[in-house]
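Chemist: Please read through the structure below; I'll follow up with questions.
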Amino acid sequence: MLSIEEIKNKLDGQKYLCNEDLAIIVSLASLLKKPILLEGPAGVGKTGLAKALSASFNMELIRLQCYEGLDESHALYEWNYQKQLLYLQTVAKDLTSWEMVQKDIFSRDFLLPRPLLKAFLSEKPVVLLIDEIDKSDEEFESFLLEALSDFQVTIPEFGTVEANSIPMVILTSNGARDFSDGLKRRCVHYYIDYPDFDRELKIICTKVPGISLSLSQQIVDFVQELRKQKLRKKPSIAETLDWAKVLTALNVESLADEKVKATLNFILKYQEDIESVSTLKL
Ligand SMILES: Nc1ncnc2c1ncn2[C@@H]1O[C@H](COP(=O)(O)OP(=O)(O)O)[C@@H](O)[C@H]1O
Ligand SMILES: [Mg+2]
């Protein structure tokens, strides 16, 4: 089992700063060999966790980006039609029975593994990121549930394929829809919220070279205050980072600087939000 301290230190080394709770989740998931289901608003480090884990533990990152209409063939495998056709035109013409041909062209050599199968076929365990699963359909979710429950998949033409290694699976969701109880049960479920002041400050100081402590404190203070307001879209870590970089590039030393107002569009994405906060004291 990976210790919580070890996980935190390794992720720190990749400039991914997580809280104790998330480190515990990663540790438990690795112990139980269960997928992690991360929910939370956009830009709080869900995708980032998978990337950081892959880099920290030197495991290949295989990513399946979900979208509406995503189906098994794009997630699991496709037949390499071109290769099959070429085979039919060349080698297969000398084969006597159609059964033999069929056996050949529907063998592993003609398979194009897509992310899920790629992860299962890998000799070394990989990090399998199934990103934004809330964008996929419920039908796909059930298929996934089955594949992830026993780490094997069935390919009708040649049977069941068991995983060579159990991947570290991270599923993420921005909460566009709810999941079945089955999926939640199968996974270690965790909600990533916006960071607290100290962690956000640490992220800024780590990721924005040359920023002063005083400016980063003001930025984080302001952003944390913004998140308490009623906004159409609250700023996430991604926006705080962008804003901090912009203000540093403009040589701003304090939020009282005249230039700051013109940069609010880096943390707020809707004009109505910008207008509603322009009355806030910067
Ligand atoms: N815990 C964290 N430590 C360091 N950087 C973070 C952290 N969480 C988020 N970030 C930064 O915020 C940005 C958005 O994170 P991302 O993982 O893409 O969010 P999500 O997948 O939740 O929408 C990334 O550029 C990442 O560098
Ligand atoms: Mg993401």
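Chemist: Return the total of residues in the stretch 43-74 being in a loop (DSSP other than H, G, I, E, B) and more than 12 Å from ligand 1 (Cβ to nearest atom). Talk me through it step by step, then tell me what you get.
Modeler: First, pick out the residues of the stretch 43-74 that are in a loop (DSSP other than H, G, I, E, B): 43-45, 57-60, 66-71.
With more than 12 Å from ligand 1 (Cβ to nearest atom) added as a condition, the list becomes 57-60, 66-71.
Summing the residues that are in a loop (DSSP other than H, G, I, E, B) and more than 12 Å from ligand 1 (Cβ to nearest atom) in the stretch 43-74 gives 10.
Chemist: Which number in (1) assigned by TED's automatic domain parsing to the domain that holds Leu17; (2) surrounded by fewer than 19 Cβ atoms within 10 Å (Cβ to Cβ) marks the one condition that Leu183 misses?
Modeler: Answer for Leu183: the failing condition is (2).
Chemist: Since Glu39 meets every condition but one in (1) out of contact with any Gly (no Cβ under 8 Å at 6 or more places or on another chain); (2) within 13 Å of ligand 1 (Cβ to nearest atom); (3) not small (Gly, Ala, Ser), which condition does it not meet?
Modeler: Exception for Glu39: condition (1).
Chemist: Look through the stretch 175-217, keep the residues that are within 30 Å of Ser142 (Cα to Cα), in contact with a Leu (Cβ under 7 Å, 6 or more places away or on another chain) and among the charged types (D, E, K, R), and return whichever of them is nearest to ligand 1 (Cβ to nearest atom).
Modeler: Lys184
Chemist: Determine, yes or no, whether Glu157 is touching a residue at least 24 places away in the same chain (Cβ under 8 Å), assigned to a loop (DSSP other than H, G, I, E, B) and more than 30 Å from the chain's Cα centre (by Cα).
Modeler: Working: touching a residue at least 24 places away in the same chain (Cβ under 8 Å): yes; assigned to a loop (DSSP other than H, G, I, E, B): yes; more than 30 Å from the chain's Cα centre (by Cα): yes.
Yes.
Chemist: Based on this model, can you work out whether Ser30 counts as under 24 Å from Arg185 (Cα atoms), more than 13 Å from ligand 2 (Cβ to nearest atom), surrounded by 18 or more Cβ atoms within 10 Å (Cβ to Cβ) and among the polar types (S, T, N, Q)? Show your work before the answer.
Modeler: On the way: under 24 Å from Arg185 (Cα atoms): yes; more than 13 Å from ligand 2 (Cβ to nearest atom): yes; surrounded by 18 or more Cβ atoms within 10 Å (Cβ to Cβ): yes; among the polar types (S, T, N, Q): yes.
Spelling it out, Ser30 is indeed under 24 Å from Arg185 (Cα atoms), more than 13 Å from ligand 2 (Cβ to nearest atom), surrounded by 18 or more Cβ atoms within 10 Å (Cβ to Cβ) and among the polar types (S, T, N, Q).
Chemist: Mind telling me which of the residues Ile219, Ile203 ends up being at negative phi, in contact (Cβ under 8 Å) with a residue 60 or more places away in the chain and part of a helix (DSSP H, G or I)? Steps first, please.
Modeler: On the way: Ile219 fails: in contact (Cβ under 8 Å) with a residue 60 or more places away in the chain.
Residue meeting the stated conditions: Ile203.
Chemist: Let me ask you something else. Any idea which of Thr90, Thr154 is under 30 Å from Val26 (Cα atoms) and polar (S, T, N, Q)? Walk me through it before giving the result.
Modeler: Working: Thr90 fails: under 30 Å from Val26 (Cα atoms).
Answer to the selection: Thr154.
Chemist: Here's a check for you: in the stretch 75-104, which residue that is in a helix (DSSP H, G or I), modelled with pLDDT of 90 or more and touching a helix residue (DSSP H, G or I) at 6+ places or on another chain (Cβ under 8 Å) is surrounded by the most Cβ atoms within 10 Å (Cβ to Cβ)? Don't jump to the end; show me each part of the working.
Modeler: In the first step, residues of the stretch 75-104 are kept if they are in a helix (DSSP H, G or I); the result is 75, 81-89, 91-94, 98-104.
Subsequent filtering for residues that are modelled with pLDDT of 90 or more retains 75, 81-86.
When the remaining residues are screened for being touching a helix residue (DSSP H, G or I) at 6+ places or on another chain (Cβ under 8 Å), the result is 75, 83-84.
On the way: Ala75: 20, Lys83: 14, Gln84: 17.
Applying the filter and picking the extreme gives Ala75.
Chemist: Scan the stretch 22-42 residue by residue and report those that are assigned to a loop (DSSP other than H, G, I, E, B) and touching a strand residue (DSSP E or B) at 6+ places or on another chain (Cβ under 8 Å).
Modeler: Start the filter on the stretch 22-42 by keeping residues that are assigned to a loop (DSSP other than H, G, I, E, B), which leaves 33-35, 40-42.
Once the filter is applied, which keeps residues that are assigned to a loop (DSSP other than H, G, I, E, B) and touching a strand residue (DSSP E or B) at 6+ places or on another chain (Cβ under 8 Å), the stretch 22-42 yields Lys34, Pro35, Gly40.
Chemist: What number of residues in the stretch 144-167 are surrounded by 14 or more Cβ atoms within 10 Å (Cβ to Cβ) and at positive phi?
Modeler: 1
Chemist: Here is a follow-up. Name every residue in the stretch 108-143 that is buried (at least 16 other Cβ atoms within 10 Å of the Cβ) and among the aliphatic types (A, V, I, L, M), in order of residue number.
Modeler: Once the filter is applied, which keeps residues that are buried (at least 16 other Cβ atoms within 10 Å of the Cβ) and among the aliphatic types (A, V, I, L, M), the stretch 108-143 yields Leu111, Leu116, Leu117, Ala119, Leu121, Val126, Val127, Leu128, Leu129, Ile130, Ile133.
Chemist: For the stretch 144-200, give me the residue count where each residue is within 16 Å of ligand 2 (Cβ to nearest atom) and of a type in the set (Phe, Trp, Tyr).
Modeler: Residues in the stretch 144-200 being within 16 Å of ligand 2 (Cβ to nearest atom) and of a type in the set (Phe, Trp, Tyr): 3 in total.
The values are calculated or read from the model by the stated rules, or taken from the named source; none is laboratory data. Note that the structure is predicted; figures quoted are calculated from it, not measured. All Cβ positions, even for glycine, are placed from backbone atoms using ideal geometry, and neighbour counts span all protein chains on display.
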